Each structure stands twice: as C-alpha cells, then as structure tokens.
Amino acid sequence: MLIIACDGFSQITIKARNVTARSYFNQVQKQSGYAFFYKAEHLKKAVKVKEININGDIIQVLDAFFNEQPYLSYKIFNKIITVAPKEMIIQQPKPGNYSDTVKGKIMDENGNALPGASITVKGTKKGATADDGGHFTLQNVDEREVLEISYIDHESETIRPKRQVLNELKLRRKVSDLSMEPVVVNDGLQHIAKERSSGSYSNVSNETFNRLNHSDVLNRLVGVAPGVRIDPGVNEGEIDLSIRGRSTFFGNTQPLVVLDNFPYDGDISNINPNDIENVTILKDAAAASIWGARSGNGVIVINTKKAKVNKALTIRLRMNISLTRKPDLNYPPNHMASADLLRVEEMLTNYGFFDPELLYMEPKPALTPGILLFAKRRAGIITAEDSVRQFNELASYDVRRDFSKYVYRNALSQQYAVQASGGNPKAAFSVSAGFDRELSVLQYNDNNRYTVSTNNIFNPVTGLQISVGGTYTERELNRNNEGYGSINMYTRRLPSYARLADEQGNFLPINYKYDPDFINSIDAPVALQYIPLKEIKNSFNKTRLQDIRLETTIKYQILNGLRLDLVSMYENQTITNTEIKGMETFYTADLITSYYNPAGIDERKMYPIPRGGIITRLNNNLRSLRARAQVNYKKTIGEDHFITGLLGVETGKVTTTGNQYMEYGYDARTGTTRSDLDYQSLLEGYMNMMPPSNILYLSNPMGTVDINRSVFSNISYDYGHKYIITGSVRKDWSNLLGIQFNRKNVMLWSAGLAWELSREAFFNVPAIPYLRLRSSFGFTGNLNKSVSGLVILGTPIPASIQGLYRNQILNAPNPNLGWEKIALYNMGIDFKIRSLINATIEFYTKKGTDLVGAVLVPPTTGLPGLGLTYMANATGLKTHGVDLQVQANVIRRHFRWSLHTMFSYNRDKVTNYDSSFSAMRVMLSSEKSAGIITPIAGKPLSAIYSFRFAGLDHLTGDPLGYEGKVISSNYANILQSGVEELKYHGPAKPVYFGSFINTLGYKRFSLLTHITYRLGYYFRKSTINYYMLYTNGDMNKDFAARWQQPGDEAHTNIPSMPEPGTTSMRDDFTTFSEVNVLRADNIRLQDIKLTYDFAQFKWGKLHFDNIEVYAQVTNMGIIWRANKAGLDPDYPESFPAPKIFSIGFRSSF
Amino acid sequence: MLSIRNNIILIPFLALTSCAKDLDTPYQTTLPHLETVQDAQSLLDNPVVMNYNKPMLTEFGTDNFFVPGSIWVSLSPLYKFSYTWDPDPFRNEEVPDWSKPYSVVIYSNLVMQTLNDLSALAGTDDYRNVMGQALFHRGSAFFDIAQLFCKPYTTSGASTDLGIPLVFSTDAAQKTKRSTVQQTYDQITKDLVEAEKLLPTSANIKSRPSKAAANALLSRVYLSQNNFDSALFYANKALSINHTLIDYNQVPNSSLPFRDFKDEVIWEAIMTASAVFNQSSYCPVDSVLYNSYHDNDLRKTLFFNFSGGQALFKGTYEGSRIASKFCGLSVDELYLTRAECFARKDQVNEAMIDLNTLMEKRWTNNTGFAPFTAVNKQEALEHILTERRKELVFRGIRWMDLRRLNLLGAGINIKRIVNDVTYTLEAGDKKYTYPIPKHELSLNPMPDNPR
C-alpha cells in the first residue's frame, strides 16, 4: 500500500470510547506530529464516535474518525490537517494510486446474505463477488470511485466507499413477481455462484415453488423449469417426471432426488412441500456428474427451510383449502347408449352366441340382465310385450348417473403449515409442522399426512458450526374405491344400463360371477350377493407410513479458505398395508363357498377356508444410513484468480426388508386369524365352483441391500470473472452389479468452460449488459437394479403335489453386466437485454452408451424357452434438445406486467437395438411410458405406429388395409406383416413443450395465468372392438357412428358390426389402423391465481411482515387441441386431471 | 498445528478403504441365489420347465389324428404348416419344440455347474441324486431335439449327418455349433449311463428321474437307433426294477379315466401345452386307427370318447391335469420295446409272452383274453408293432417309430387331406427332419436341414 505521509511516525495506535473531536485530534497530534487546523464553530458539528480501535497510518486513523462524521471532512497538506465542513473541503488530486481495501456484506431487504452478488468499480473492470455469507473484499479502491452493487432480480445500488468497512448493504428486490434464477445454486454438495459455474441448473425459487398448492412435490414442478417434462403416469393419478427426456431403456427412469445433502431413499410424497425452501434441477454433466452413477436422469435437489443465525423470530403460517371437482362421467369413450347395447345383446342372444353360458356351462356364469331377458323371450318364457316393456325400462337407465352420484364426490382437501424460526449469533432454530388432508374424488378414499421437522444450528466456537435436524412424517392412505371401470361382472363389463342403487338410494346387487339362479339353487354357507356399493363401503384397505429422518452436519473452518464438512443422515421408513376382506365381501364369501365341503366330518374339513375374513398384510421397512466427509477449498490469488474446489468421500447403505402374507379366518372382534389350514391337499370345488385347487398360501418375503461408496472432487478456476474452467470427477462402487470387481465401479467426470463476454473491453453493447457463454461435457451414469450378474432364484413354491419345493431362475444371469453411461454435452448462453429481459438458451445432446437392453440370444441358450430376456450393456440412445427460458418485466409501475416463458425441444433416437419385434408387439407397447418398450433403431424410444388404412368396403363396411401395395381385408396377413410395413407417425411423447406464465399486477393485486403447451406428438384413441363387445361387453362411443349401409363409408371410418363368431383379427386391425392415431398437440390453461398482498400489516400487537391471500383454479382445461375427437391426448381413456378450486393465505410475522 | 489439520482431512478417506468387502453382498437378500444342493434340487423339481414342456411335434406330424379343415384355417402358422409337412413349416414363429428342450438343458447345466462348485459334497446321496437327475434331464432333452431336428440314426451316416448343437455352457453369449448325429447320440447315452450310476433305484416322486427311468430312456434311445441288443439290455434292466402294469379292468371309465400317477408310470413328462393339440376336440383320432381297436379291447373305451361320429382321445396318463398329454416313460412301452427286440432277434416265444403279458391287462376279462400268437418273426413283429401304435397313441412315440421303421423298410406313407388338398409324407422323406427354426439361424448361423 502506498502512503504519501511517509515519515517516522507512520504507525499510530488509538483506542478510545466516546471520542470527541478534540481529544482525538490531540492523540493523533501526539503520536504523528501532524498539526490540526480548524475553526471552533465547525468543530461543533462533529459527532462523538462510540468506539475507535485503530492501528494504522495517518490516513487510516483519520478515516476511522471522519468516516463517522456526517458533516466534517479533512485534508492534509504539509503535515497540516485542515478540518472543515465537507462542502468546503476540496480534495486535491493525490499523486499516484491512492488505494485501499473495502470490505462489506451484501444482503437482501430481509437481511439474508446474497452470496454471489457482485460489486464492481464503476467504469473499470475491477470487482468482486460476495461469498456464501454475502461478504466481499475489494482491493485497491480509490475513495473517490463509485461502487456498483448488483444482484440478479434486485435493484442495483451505487455507493461511495467512504469507509473501509461498509455497513450491511441492502439491495431491494426488483418489482418482478418471478425470480426464477437467483444467482446461487445449491447442487446438494455446495452453494455455487451461478456465474462461477459452467453447468446447467434450473433453480425453482420458493416463490415459484409455492405458486401451486399441490400437497406433493412433483406436482408443484409442472411447467416451472425448461426441460422438465411431466407426463401422466401409467396408473391413474400418477405423474411421471423426466428431465431432458428418457435416457435409459429398462433402467431406473426417475431423476435422482437429493434432499438436504443426500439422495432421498424414501417416498417423495413424504416430503411436505411447505417445508421446502427451494428446488434446483441439475441437467447437464457439469451439474449432475457430481452425483455420480445415479445422475443419468438428472437430479432434483430439494432444500428444506433451515435455521439462520442472527435472525429475529419469524412465524410463518400457510393454509389452503381446495375443492376437487368430481370427474365428468360422460368423458370416457368406453360407453354405449343403453338401447344400442341392448340391441347388440338381443342380436347375440338370438344368434345363440351365449348358448354355452346359458345351456352348458357349470356353474352357470353371470350374464347381463339384457341377455337373460332375451334368452327368456327366445325360450318363450315371457311375452313379446313383457320383453318390450323390460327392454324400455333397461334402456332408460344410465349407470354413469349412479357412478356420479354414489361413487364419486366433490372432494375437499386441506393443507395447514406453520413454521417458526429465529436465532442469535451463536444459535438458531427452525421448527415446522404440517397437516394435509386430501380427499379423493372417489368416495372412501383419502390421504392424510402429518409432518414435523426441526433444524438447529450452534456455533460453539469461531469457525465451528454444528447443525442437527430431523423430520418425522406419518401418512395414512385409504384406498377402498377403484372407481368407474373397476366394477364389472367378473368376466364381462358392467352394461351401460346397470344400476347401482334404486330411486330411494338402496344399494342394488348386480349379476356377478355366477348366475343368480345358480346361487339360489345351491346351499351356500355364506351369502353370495354382490352389491358393488356395499363392497366399496365394506372395503378396508389402509396403508400407514412412518418415516423418520435425522441429519447432522458439522462444518469446521480449518484454515482461511479451507473448510471440512462432515454430514450424516439416517432414515427409517416403515410402510404397512392392511387389506381386510370380510366375510360379507363377495371375494371371501365366494372363496369360502368354493372350498365348502358339506360332507366334511368336522369344521376344518367342512370349511377348508375358515369362515371369517381374509386379511393380507404387507410390511415394508427401509433403513438408510449415509455419511459424507468433504473438504471445501476457496482461494483468491492476486486480483483475478479465484479457485474453489471440494474433495469428498461418501458411503451409504440402504437396506429394505418386507413381507406380504395372507391369513384366513380373520375375526374382527378378536383380531385373530386361523393358522391350521391345509395348504397341501388338492381340494374339490363345491358344486364345481372351481377346479380342484390348493388353498393359496401367500407369503412373500423381500429384501435388498444397496451399498455405495464414492470419492468425488470438484474444482473451478475463475479468471477475473471472465473465464471459468470447471471440472469434476467421481468414482462410484456398488454391490449392485457384476461379479468381477472392475464391473462394480465406474468413474465419471465432467469438464466445463464459461466466458462472460460482457466483461470484455471489446464488448460494448449497451442494450446487452450481460452476456455469458458456457459449455460443458461429461459423463453421468445410471443403473438397472432389476438385472443381476448372479443367478437369482424365486421364492421356493410348495408344489401342489407331493410336498416338493420347486423353484425357477428369475433372471438370465450375465456376469459381464456393467453401468450405463450417458455422455452429455451442453452449451448455454445467458444474457440480459437492458433491464427488461433475462434469458437463457441451452443446447444439449445426450448419448447413452452401454445401456442395458434386451439382446436377442439364440434359443439354444435355453433363455428364450424360459421366457427370459438376456440383458446386456449393448444398446444406445441419442437425444438432443434445446431449452429456452425468458423472463421479461414489461411494465413495472403501479401497474405491473411480467412474462415468464419456457420452451423445450427434446427428441430422442434409438441408435442401436438388437431385437426384432412383431408388428403387433410394437403397437401394443409405446403407448404408456413405463409399459413394455420396443425400441426400434432409428426411431424414438416411444413412438406411434399403425397399419395403413384403405377405407371401408362399400358393400360390407369391412375395414380395408394393405398387403404391400394391394388393398386387402386379409387381416391375418396384415397383422403378421413386418414392422417395416407399418406407418410411423411420430413420437408418443411431446417434442416441443413449454409454458407461459403471465403476471398482471395492480397495486397489491396480482393475477397470474399459467398456460402450458405440448406439441409434436401422437396418441392412439380407442374405438369399438366388436370381438370384445361380443365376448366381454366392452363398449365404445364410436359404435353409434359405425357403417350401417352402403354409402356410409363416405363419412365414417368405423367398420360395420360383423357377424358373431368372427375372429378378433378384424378388430385388431381397426384398433391399430392409422385412422385411430391422432395428433396429440395441445395447449392448456394450467392455472389462474389471484393474489392480494397486504404487505406490512398491523393488527393489535401483532405485526405482520406479510399477508397474502389467494384464490386459484388449477387444471382449467384444454384451450386448443389438434384432435377433432374432443379427447384430452394425455388422458384418452380415463378422466382428465380434475379441476381444483382453492383458496388460501400465507403470512409471516 | 498444520499437520493435525492435515490429518483431519485424511480421516474420511481412510474410512473409505475399510469394509470394501461389503461390496460383495448381493443386492437381493431374500431371493436365494443358486448356491446349495437344495437350490439345485428345487430347480429340477420345477416340472413346468423340466417335465411339462416336451415336444409335441413328435405327435403332431403323425398319422394318429387329423385336424378338420374348419379348424385348420384358423391355426397359427406354426401348427398350420407343420400339420401339412410344409417345406417351411415354422415360418417366422418361435418353435417351442426347439427352445423348450434347450431350457431343460440350461437348467441342467446350471445345476451341474453349481454342483461342481460344491465338490466337497460329491459323495453324499443328495449330491449324487441331484447330479444324476441333471444328467438325465439333459440327455432326455438332447434326445427330444434329435428326434425332430436331425436325420434318423443310421450307422452309415451318423458320423457325417449333422446332429444337434450340444450345449454345455451356461454363458448366453456363447454360440454353439451343430455336432454330428453320432456325437449327439454318444452324448445322450453318455449322460444317461452316467445318470443311471448316480440315481436312486426308483423315485416316489414320478417327476424325478430314477435308475428305472434312465434305463427305460436308454432303451428308447437305442430302439430309435434300431440297436435292438442295447434296447433289449436296458429294457430288461428297467423292467427288473418296475414291471407293474395297470389292469384296465380295474379302471372305471370316466371323462378322464387315468388320474394321476399310476404305478405303471416310471417318469412323468407331458407334451408342451399347445392349445391346438391339447384341445382334444380339435384333433379327432384317425378313424382307421380307432376302428382297429377290438370291441373287447378296453382301450377303445378308456382311451377314446366317441360321439358325433368321431373319436376324441382322453386316455392320457395325466388325467388330473387340464389338457395335457403324457409322454413320459412307462412300463407298457418297455414291454412293447422288449417284445419287439425279442422278435427282431427271432426269439418269437419271448416276444409273444411280453406282448400277451401287456395285452392281458388291456383286454376285457369278461370274455376271457385270447392270447396273440405268431408262427414266425414277421407275424410276431406285425402284432407287436400294431399293438405298439395302439397302446402308445398320443404318447409322442409315433414320430420316432415312423422314422426308424421306415429305415427298416416299413414303407409307411402317410397323407392328410385338408380342404380338398392332399398332403403326403412318404417313407424316407427329408421332411422327417424339421428345419432349424429361423430365430436360431439368424442369431447363431448354422447349416439348416434340407426340406
């Protein structure tokens, strides 16, 4: 440091309290030999300084005093210090570089540190970035220079550094409602200033995350980050989340969820979203490869709310009540008008189609009331008049009305959450509790969740921080009602004219499994009536889940810039499912009766299945213990070199155990079951109700242990914030795969580069204040827990004969199995346009190699004969895509308008796959994400194919297809044609998707609309399948528009109703013909939310920092769709996602 | 101070190097791995793989039954074209008659591989028994494949004719080439002879092989080679262990008269469950064959259900199972084999004694059984072969018999008429050897059989 007043008294030490100007000057004069010159009247304006403790040169010593003076300043000339009011002091230029070090802390309005905030010297390239604690150090600052402090989404501030240590500098948040990307990302291992990384992160802020009020985490991620696609899951109500598309064939397809530092092993529904502070989605290799071999599907890092030191007590409340509308039962296409169905049944009965059931089958199976009516008419038991009357009566019923009235409901759900936190410099705490009660639109189904969590931080000595936290979750799920479609007649669909209850609301029985005459004719020991609504009411299917998670973190500052973190986590999750089928349920009554032996000599022989309920229990326990030690290093060398790095080891063991078992003779009063059953003997069925059978013995123990070890390191070098080089490397070991040691581990790495172009001197575009290019390449991995190198046997099954235990091979062993590797390349551009637009665009490619896939092996290996698929690391998948995100604050005055839009493009292609599938198999799969997949090289992993369609035959209404180029109705040949004969439509998953979030605000009101779009994909609609209509009673709305007479082919593609007895091939052809493939593109209004923000609010003694009330509608519905059939392409068969109306409030005080 | 700090950094890394052994823990903890003799036994006790998937083409290509044209048109290609002895009978279909026996082979090989790792137990009864069972099953599977996919055994051609791929490895990545017919039969007899040494004399559990079963199968194998000395030798050995015959007079007639494991059965096996073949209504019995049963022959009523002008087979020895056709080893076959061997060796008396011992149990005793007589070898053989076909109908034996008898000059030409088209299979036709399925050829190229 250069000091001009260079003499023998250069070092001055002053320690004083309540210092007046005079006494201070005296001391300085004594020690330095400098003289003071001032007017007494000016000195009156001096203020006392509370405490001065300084050791430095004359300038520093004087600054220590004068920095605290609002009115006075000084200047030095010839060892004379002139003191005068500021306006009178004209600083003369100092020779050379007068410079100094300025330190400070940058915070937001609430006092939270803003790590990554930047402070720059205006007009120069000098600058610094705030560290994790928001602190910065800026060297060589001239006191006349102006500093600019900026932070994304916050208003920039300029200051003059009159003091070396600046007070806390607070930045105000911009008037934008959407802040998608705070500069700091937490990848689970460290906080990284985004501008010091080269990776692809999407940060979902607390605010964005809470925009929706779903009670589960995944649903809140709909449309909030580019590249994140949420599709309807295989099962109704489930969702399937993917990050930048699927990257494996048969491996785990779910992204890795990291909850507070560690991979989360429990059920993601356990997490109360109200406890979540923010979510970061890691998408590329630079970001995700630090999570190693499980990061191939991307990583979702979830951080819960944590205690913070030095914060006043804050209490947050959140309440939400929502109403889910019962579904529209007119939507599902699997319906026919009652009269239409009756006419079909009449035709079939008269044809003799049901004669085997009506005349020969023993016991006589259940047939629909219609069939029984027409059979009676045919046999002359009833008159034509009666028949017509009964026909008309049946035709007047519509079972959907009963479903809507008795099976569904408008469901009310509630969410309550409270959180309290506070802290002093030594310790801090945070406690939260939540209760969620979610009723399903299906009566008797609900879902309750209680969560309690706490987090405490202690700083016992300088440099040491200990934090201890825990979460306890308890959930209870009742699943007693499966809804529309699940109620049937055992082998036939429930006819559209069935009745569940009469006008008075009395529950009615339906014909089920056996003909009512048969039931009346036998001497059943228990009532065998099947009353669907009573079955639902009596059902008992309860799942309880308890999950406890404890976490300890110790952070120790070893040296300046070097910190050791020790983290450990323990989780224990227990799931118990109990299903009781009481004696009054048809299932149990039927079983007791089927085994009933009236000739039995004692109770045990008479009732081989004892009278009483049947109880099935499933217990499942997961224990997970994980620990990590990590050294973080941070160093600034000179002015421009910044190095950060970490090196760590991690170990984890996840053990699951479980059992599922069934017991008979359950007595609800005593809770006891019977254990003296004869499972070995082959027993005759009572009245031929079943073939000779054993009593089912169900005991299904299961268990896994998953052991992992990893070493990882991450390093980044930053030159003047202009150029950044990052690298990471990780090695994983696991017990999952391989017999040879070298197959049990995998080394993954990544490297990245970033260049902040806008810092370059040559870059001078005022409209673009910020422009940054980044690029990364590396490998992530995935693995498939379902494959094993070892021969795995099943659970030994007691064979029905001679007491043998028999077993089978469950897998095709492959000792050479290894990890799946995914190479990722990502290129990103981040830029700002004036202060209006903030945008990021990324291009990426993913190349999966060594993916585990089915490899065809010749039958001589014995595997095809066993139906076992040989899995090997032999397949590949290539994906490329674009993610774009733009945030614009168009107007920001009293009236505000901001727009946040996301666009993603994602296309994948199977590069090699060694299997050949039949045309039918290819079409049967690919419909649903987790179904059977039939990868075909050169095509997307999920694709839609069809048979070409040549219209309907003019004379018969038969559907026509092609054999080669020839129009044909030889369905057998068409169905057996090769895959190459099929028409390829396109992907079954959206290629283009994204969202628009528009926020309009006026004063304290804001109105948010969220529109999502999904484009460039196809789906298959259902149609009438006559074969299934005849044999099963399957219905479809298309029936009404079928070909009925020559000429109809001009306006319909729905084939005529064929003669009974034809094969299913005609219908298979129609089902999979191109006319039933539709474009799936759609735009939907996802939600609308109106918020009123009371901001600061006083009510008696309570002082609220913030109160917000809102009303919201979710799943408003489709605005535009490409298909003309009125179908929701994401739910072509079942009910679209229900509309949810909710109101709620959030407050903190 | 600095060094202590350095050491703190090192501690976690030391933790990693310890307990690396944990990585050997299998992921699945409850599902057993194939490790013990009991595990091996439980695999061989899986009848669905080991016993219930025997080839059905051994019956399907024969003259014992016919498929009505109305049903034939709706059959899947595999059955449709096998039935008419088409040059390309399998089209592109999976052929269970090829793939299922190889599943038996891999189970057997896995068991043997496991046992080889447990050689310390090699002297124990259980070990010997399980090893013997595995060898028996493999030999049996190789034999089944050989009957369909390589030319009938001739001493002149065996060393050059192509045999079957003999698979000994459990590595699915390995591709096995075809052997010669001689090597194939050598391996079959080697496996069975070895098995015979290790197996217990007889098995209470009929799905498990025994010495009796190994001898009975060896007898069948040698008979298929027209090696009557060896066939006789092993038939004798097998019959010395079990020669019980069911007296059909004691069997009440019903919809499925032969329930479960009759004493006559030595080893249980069932032809692969093909809907076509096992839906007995699809496959009426050849009317000439049906009419050849004498009215006093109890088999006429116990084996067949005659209604609507056609006879349907119901006489399987697997009566309790739905739609299954027994094709295992039993005492009646041994008597017929031994009788034929005696006759071939001109021991007409011994031959007729064996035949009559069997027929006495098949004929009604209301009218008194009139024993078959023969004045010479030719006459004896005629009786024996006629009764052999009638006794072993739908037992998966006929195909083997047609192949070997035609080699001896029997000149049996069989034909079928389907929807007015006549198809014939003449004696010695190369269609007596099925082509190698295309799934095999495409993944493991090998010379095909000419058709």
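The values are calculated or read from the model by the stated rules, or taken from the named source; none is laboratory data. Note that this is a predicted model, so its numbers are computed, not measured. A quick note on method: Cβ atoms are made from the backbone with ideal geometry, for glycine too, and the neighbour counts reach across all protein chains shown.
The rows are residues; the columns are (1) closer than 29 Å to A:Lys653 by Cβ; (2) touching a Gly at 6+ places or on another chain (Cβ under 9 Å).
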{"site": "A:Tyr264", "(1), (2)": "yes, no"}
{"site": "A:Asn270", "(1), (2)": "yes, no"}
{"site": "A:Lys283", "(1), (2)": "yes, yes"}
{"site": "A:Ser289", "(1), (2)": "yes, yes"}
{"site": "A:Gly298", "(1), (2)": "yes, yes"}
{"site": "A:Val301", "(1), (2)": "yes, yes"}
{"site": "A:Lys311", "(1), (2)": "no, yes"}
{"site": "A:Leu323", "(1), (2)": "no, no"}
### Message
It is to be established whether one or more residues within segment A:537-554 are within 14 Å of chain B (Cβ to nearest Cβ) and of a type outside the set (Val, Ile, Thr).
### Response
no
#### Entry: Unmet criterion (only one of (1) crowded, with 20+ Cβ neighbours inside 10 Å; (2) over 24 Å from the mean Cα position of the chain (by Cα); (3) at pLDDT below 95) for A:Thr552
(1)
### Summary
Sole miss for B:Lys211 among (1) more than 13 Å from chain A (Cβ to nearest Cβ); (2) over 14 Å from B:Leu135 (Cα atoms) is condition (2)
### Task
Hey, could you check segment A:1020-1075 for residues that are among the hydroxyl-bearing types (Ser, Thr, Tyr) and within 14 Å of another protein chain (Cβ to nearest Cβ) and say which is nearest to A:Ser1134 (Cα to Cα)?
A:Tyr1027
### Query
Just wondering, is there one or more residues in segment A:330-350 that are of a type in the set (Phe, Trp, Tyr) and surrounded by fewer than 23 Cβ atoms within 10 Å (Cβ to Cβ)?
yes
### Task
Return a yes/no flag: does segment A:712-734 have any residue that is within 14 Å of chain B (Cβ to nearest Cβ) and of a type in the set (A, V, I, L, M).
no
### Query
Considering segment A:632-653 alone, what residues qualify as being surrounded by 20 or more Cβ atoms within 10 Å (Cβ to Cβ) and either over 19 Å from A:Ser716 (Cα atoms) or at the interface with another protein chain (Cβ under 9 Å from one of its Cβ atoms) (or both)?
A:Gly648, A:Val649, A:Glu650, A:Thr651
### Cβ pairs under 6 Å, 6+ apart, first in segment B:90-110 and under 25 Å from A:Ala919 (Cβ atoms) and more than 7 Å from chain A (Cβ to nearest Cβ), second surrounded by fewer than 24 Cβ atoms within 10 Å (Cβ to Cβ) and of a type in the set (D, E, K, R)
B:Asn92/B:Lys438
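Residues to consider are B:Ala172, B:Ala146; find the one that is surrounded by 21 or more Cβ atoms within 10 Å (Cβ to Cβ), within 14 Å of chain A (Cβ to nearest Cβ) and assigned to a loop (DSSP other than H, G, I, E, B).
On the way: B:Ala146 fails: assigned to a loop (DSSP other than H, G, I, E, B).
When all the criteria are applied, what remains is B:Ala172.
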### Query
Taking segment A:822-867, which residues are of a type in the set (D, E, K, R) and at pLDDT 90 or above?
A:Asp830, A:Lys832, A:Glu842, A:Lys846, A:Lys847
### Task
Under 7 Å between Cβ atoms, at least 6 apart or on separate chains: pull out the pairs that start in segment A:37-51 with a residue that is part of a loop (DSSP other than H, G, I, E, B) and end on any residue that is aromatic (Phe, Trp, Tyr).
A:Lys45/A:Tyr71
### Query
How many of the residues making up segment A:961-1004 are touching a residue at least 24 places away in the same chain (Cβ under 8 Å), assigned to a strand (DSSP E or B), of a type in the set (Gly, Ala, Ser) and closer than 18 Å to A:Ala919 by Cβ?
2
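Return the residue satisfying two criteria in turn: it lies in segment A:685-705 and is in a strand (DSSP E or B) and facing chain B (nearest Cβ under 9 Å), and of such residues it is nearest to A:Ser786 (Cα to Cα). Walk me through it before giving the result.
So the first thing to find is which residues in segment A:685-705 are in a strand (DSSP E or B), and the list is A:693, A:699, A:702-705.
Still in the list and also facing chain B (nearest Cβ under 9 Å): A:702-705.
Details: A:Met702: 14, A:Gly703: 13, A:Thr704: 11, A:Val705: 13 Å.
Among those residues, the one meeting the criterion is A:Thr704.
If I filter segment A:837-856 down to residues being of a type in the set (Val, Ile, Thr) and surrounded by fewer than 24 Cβ atoms within 10 Å (Cβ to Cβ), which single residue comes out as farthest from the chain's Cα centre (by Cα)? Walk me through how you get there before you give the answer.
Restricting attention to segment A:837-856, the residues satisfying the condition of being of a type in the set (Val, Ile, Thr) are A:837, A:840-841, A:845, A:849, A:852, A:855.
Filter again for surrounded by fewer than 24 Cβ atoms within 10 Å (Cβ to Cβ), leaving A:837, A:840-841, A:845, A:849, A:855.
Details: A:Ile837: 28, A:Thr840: 22, A:Ile841: 23, A:Thr845: 22, A:Thr849: 26, A:Val855: 32 Å.
Only one residue fits best here, namely A:Val855.
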### Task
Inspect segment A:229-252 for any residue being surrounded by fewer than 20 Cβ atoms within 10 Å (Cβ to Cβ), in a loop (DSSP other than H, G, I, E, B) and among the acidic types (Asp, Glu) and give the result as yes or no.
yes
### Summary
Of the candidates A:Leu1029, A:Leu1007, A:Leu955, the one satisfying the condition of being touching a residue at least 40 places away in the same chain (Cβ under 8 Å), aliphatic (A, V, I, L, M), assigned to a strand (DSSP E or B) and over 30 Å from A:Lys909 (Cβ atoms) is A:Leu1007
### Query
Taking segment A:323-348, which residues are in contact with a Ser or Thr (Cβ under 7 Å, 6 or more places away or on another chain) and assigned to a helix (DSSP H, G or I)?
A:Ser338, A:Leu341, A:Glu345
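Test A:Gly862 against the criterion of being within 14 Å of chain B (Cβ to nearest Cβ), surrounded by fewer than 20 Cβ atoms within 10 Å (Cβ to Cβ) and over 19 Å from A:Ser247 (Cβ atoms), and give yes or no. Before the answer, list the steps.
Values: within 14 Å of chain B (Cβ to nearest Cβ): yes; surrounded by fewer than 20 Cβ atoms within 10 Å (Cβ to Cβ): no; over 19 Å from A:Ser247 (Cβ atoms): yes.
Judged against the criteria, A:Gly862 is not a match.
A:Gly876: crowded, with 23+ Cβ neighbours inside 10 Å and of a type in the set (Gly, Ala, Ser), yes or no? I'd like the intermediate steps shown before the answer.
Details: crowded, with 23+ Cβ neighbours inside 10 Å: no; of a type in the set (Gly, Ala, Ser): yes.
For A:Gly876, the condition - crowded, with 23+ Cβ neighbours inside 10 Å and of a type in the set (Gly, Ala, Ser) - is not met.
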### Message
Quick check on my filter: what residues within segment A:522-537 are more than 14 Å from A:Thr593 (Cα to Cα) and surrounded by fewer than 16 Cβ atoms within 10 Å (Cβ to Cβ)?
### Response
A:Lys537
### Message
Checking B:Pro77 against (1) at the interface with another protein chain (Cβ under 9 Å from one of its Cβ atoms); (2) within 19 Å of B:Thr422 (Cα to Cα); (3) touching a residue at least 40 places away in the same chain (Cβ under 8 Å): exactly one of these is not met. Which one?
### Response
(3)
### Task
May I ask you to list pairs of residues, at least six apart or on different chains, whose Cβ atoms are under 9 Å apart, with the first in segment A:707-722 being on the phi > 0 side of the Ramachandran plot and the second being at pLDDT 90 or above and among the β-branched types (Val, Ile, Thr)?
none
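Given the criterion within 24 Å of A:Thr934 (Cβ to Cβ), touching a Gly at 6+ places or on another chain (Cβ under 6 Å) and either among the aliphatic types (A, V, I, L, M) or at the interface with chain B (Cβ under 9 Å from one of its Cβ atoms) (or both), identify the matching residue among A:Leu856, A:Leu868, A:Leu817.
Values: A:Leu856 fails: touching a Gly at 6+ places or on another chain (Cβ under 6 Å); A:Leu868 fails: touching a Gly at 6+ places or on another chain (Cβ under 6 Å).
The unique qualifying residue is A:Leu817.
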### Task
Have a look at A:Ser681, A:Ser675 and point out the one that is hydroxyl-bearing (Ser, Thr, Tyr) and away from every other protein chain (no Cβ under 14 Å).
A:Ser675
### Task
Quickly run through segment A:441-486 and pick out the residues that are touching a residue at least 60 places away in the same chain (Cβ under 8 Å), under 30 Å from A:Lys581 (Cβ atoms) and of a type in the set (Ser, Thr, Tyr).
A:Tyr444, A:Thr473, A:Tyr484
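If I ask for residues that are among the hydroxyl-bearing types (Ser, Thr, Tyr) and either in contact with a Lys or Arg (Cβ under 9 Å, 6 or more places away or on another chain) or closer than 30 Å to A:Tyr587 by Cα (or both), which ones from segment A:528-563 would you list? Let's see the steps before the verdict.
Let us first name the residues in segment A:528-563 that are among the hydroxyl-bearing types (Ser, Thr, Tyr), namely A:530, A:539, A:543, A:552-553, A:556.
Correct list: A:Tyr530, A:Ser539, A:Thr543, A:Tyr556.
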